[in-house]
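Student: One structure is given below, represented as structure tokens, and several questions about it will come after.
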Amino acid sequence: MWSIIRTIPIPLASPAGPPVSVVLERYYRELLNFLHRQVNDRHTAADLAQESYARVLAVQRDGREILDVRALLYRTARNLLVDQHRRAQVRQHDDIDTLAEAHQPAAPGHLRPDEALASGQVVRAYVQAIEQLPPRCREAFVMSVFDGLGQAEIARRMGISVSMVEKHIVRGMLACRACGQRLQNGDPVACDDAGVRR
């Protein structure tokens, strides 16, 4: 397309020849037939031809000289055909009502009651595991994991050593890991802070 047009301000009617709009009229029927052969639908072909003409006239109105009107018109029409084909590909899908139930897409997890229930149970199990930690351990663990504070800052806020903060965080992580393993095994029994069954 760029070799067909050049950016130079020119009048609508060139002294060397007729206005572009007159030249375009000469190619309308030819372009319409070309597009009809491509899409097999006279109305769609007419729409594409009209859009092609509108875009070519817009190029001219922008002050860019059209070196070969017919070439630009056909290039524009081909680009529009490609765009239409891409849009059709995106829209192409099977009717969900005609699919067998086994082939129907699953609803997103947050919309499936069983998934929402399971997700809620997982969250409650982790919260329970964290709540069962000793208060100072829970405080250090929450500041680290949920508040994103560094160990030195937690130690300063709690008035304890960094080494003690590390121990609290490790204890919380072990409790969560034990809870995760319990959930993975499908064991509904609650765990205490050390991952020991009650």
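The values are calculated or read from the model by the stated rules, or taken from the named source; none is laboratory data. What you are looking at is a predicted structure, and each value in this text was computed from that prediction instead of being measured. Glycine also receives a Cβ, built like all others from the backbone with ideal geometry; neighbour counts cover every protein chain displayed. The area values use the complete protein model at the heavy-atom level, side chains included, leaving out ligands, DNA and RNA. Shrake-Rupley method; radii C 1.70, N 1.55, O 1.52, S 1.80 Å.
Student: Here are some conditions: (1) in a helix (DSSP H, G or I); (2) open to solvent by 60 Å² or more (accessible area, probe 1.4 Å); (3) without any contact (Cβ under 8 Å) to a residue 12 or more places away in the chain; (4) not small (Gly, Ala, Ser). Asp147 meets all but one. Which one does it not meet?
Tutor: For Asp147, the exception is condition (1).
Student: Next question. Considering only residues of region 126-144 that are in contact with a His (Cβ under 9 Å, 6 or more places away or on another chain) and of a type outside the set (Asp, Glu), which is most open to solvent (accessible area, probe 1.4 Å)?
Tutor: Arg136
Student: Might you check whether a residue that is at pLDDT below 90, surrounded by 14 or more Cβ atoms within 10 Å (Cβ to Cβ) and out of contact with any helix residue (DSSP H, G or I) (no Cβ under 8 Å at 6 or more places or on another chain) occurs anywhere in region 43-61?
Tutor: Within region 43-61, not a single residue is at pLDDT below 90, surrounded by 14 or more Cβ atoms within 10 Å (Cβ to Cβ) and out of contact with any helix residue (DSSP H, G or I) (no Cβ under 8 Å at 6 or more places or on another chain).
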